[in-house]
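Participant: Pasting in a structure now, in structure tokens, and then I'll have a few things to ask.
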Amino acid sequence: MKDQSPKAGMLYIALLHYPVINKEGKVVATAIANMDLHDIARTAKTFGVEKFYVINPIEAQRRLAGQIISHWREGYGAAYNPSRKAAFEKVEIKSDLDEVLVDIKKTHNTEPQIIVTGANFQGELLTCGKMREAIKSNQLPYLLIFGTGSGIAEEIVNQADYRLEPIRGKDGYNHLAVRSAVAVILDRVVGIS
């Protein structure tokens, strides 16, 4: 049977820690979670994502994430768990979204199409099916941004080319951990169906 999944080599994902909003609606920076690094890196590797960017403006947070990544790429963890090493090869840390955009443009000589995610998006939204078709049918790079805290700040949402449809749960409940949302969305966008 021929693989019907889109080529994910033009798909990049980012986990945004700033600017995001907190429960009160204020713009904040959030902390990098060890579990997010591990689980999202493994999901990115599973679905053939080109790179998984972790965006955080706080140097101490980037340094801590760098130590975790280094342990699994080059330290004892690399020898202990080669599959985890392969997943962590996908991870790159940046201080802001502009650095990510420059990195992708350097690779492809064009700006990526920016797609933001959010649990409460309404209105005109890109469906996972339409995103899947777009990735399959053209040669543009795509950057799919996931937020931490209570969601991506409006300034980034307004900068995006598209807003992706939210994951709809049963009975209106929609409060997934970001690492779970990444797995669900990547399966819908690039998984084999």
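Coordinate-derived values only; no laboratory data. This structure is a prediction, so every number in the text was calculated from the model and none was measured. In this analysis, Cβ positions are derived from the backbone assuming ideal geometry, glycine residues included, and neighbour counts consider all displayed protein chains.
Participant: Quick one: which residues, 5 or more positions from Tyr142 or on another chain, have an amide H under 5 Å from its amide H? H modelled 1.01 Å from N in the peptide plane, none for Pro or chain starts.
Facilitator: For Tyr142, the qualifying residues are Leu11, Tyr12, Gln113.
Participant: Here is a follow-up. Using the Cα centre of region 78-158 as the reference point, and only Cβ charges (+1 on K/R, -1 on D/E), how large is the resulting charge dipole? Debye, rounded to the nearest 20.
Facilitator: Dipole of region 78-158, to the nearest 20 debye: 520 debye.
Participant: Can you pull out the GluC sites (Glu not before Pro) in region 18-88 whose DSSP state is coil and whose Cβ has at most 16 other Cβ atoms within 10 Å?
Facilitator: Passing both the DSSP loop test and the Cβ count: Glu24, Glu74.
Participant: Ok, one more. Charges on Cβ only, +1 for Lys and Arg, -1 for Asp and Glu, centred on the Cα centroid of region 1-92; of Val20, Ser83, Ser70, which one is farthest towards the dipole's positive end?
Facilitator: Ser83
Participant: Still on this structure: Could you give the dipole magnitude of the chain about its Cα centre, charging the beta-carbon of Lys and Arg +1 and that of Asp and Glu -1, in debye to the nearest 20?
Facilitator: Result for the chain is approximately 620 debye, rounded to the nearest 20.
Participant: Using just the helices of the chain, give the 222 nm mean residue ellipticity in deg cm²/dmol: DSSP H runs with n ≥ 4 each add -39,500 (n - 2.57), and the total is spread over all residues, rounded to 500.
Facilitator: -12500 deg cm²/dmol
Participant: Measure of size requested: the Rg and Dmax of region 1-97, with Cα atoms as the atom set and Å as the unit; please supply both.
Facilitator: Cα radius of gyration and Dmax of region 1-97 are 14.9, 50 Å respectively.
Participant: For region 113-158, which GluC sites (Glu not before Pro) are in a loop by DSSP, counting at most 15 other Cβ atoms within 10 Å?
Facilitator: Sites meeting the loop and neighbour criteria: Glu124.
Participant: Rounded to a whole number of µm²/s, how large is the Stokes-Einstein D of the chain at 10 °C and 1.306 mPa s, given Rh as the Kirkwood radius over C-alpha pairs?
Facilitator: Calculated translational D: 93 µm²/s.
Participant: Sort region 49-114 into rounded, prolate or oblate with this rule: let a ≥ b ≥ c be the square roots of the eigenvalues of the Cα gyration tensor; rounded if a/c is under 1.5, and if a/c is not under 1.5, prolate when a/b is larger than b/c, oblate otherwise.
Facilitator: oblate
Participant: Moving on. Name the chymotrypsin sites (Phe, Trp or Tyr not before Pro) in region 118-193 that are in a loop by DSSP and that have at most 12 other C-beta atoms within 10 Å, would you?
Facilitator: Values: sites: Phe121, Tyr142, Phe146, Tyr162, Tyr173; in loops: Phe121, Tyr173.
For chymotrypsin sites (Phe, Trp or Tyr not before Pro) across region 118-193 that sit outside H, G, I, E and B with at most 12 neighbouring Cβ atoms in 10 Å, the list reads Tyr173.
Participant: So what's the convex hull volume per residue for the Cα atoms of region 45-154, in Å³?
Facilitator: 136 Å³
Participant: For the chain, what proportion of DSSP beta bridges, expressed in % and rounded to the nearest 5, is antiparallel?
Facilitator: In the chain, approximately 10 percent of DSSP beta bridges are antiparallel ones.
Participant: Before anything else, pin down the relative contact order of the chain: Cα pairs under 8 Å, at least 6 apart, normalised by residue count, whole percent.
Facilitator: That works out to 32 percent.
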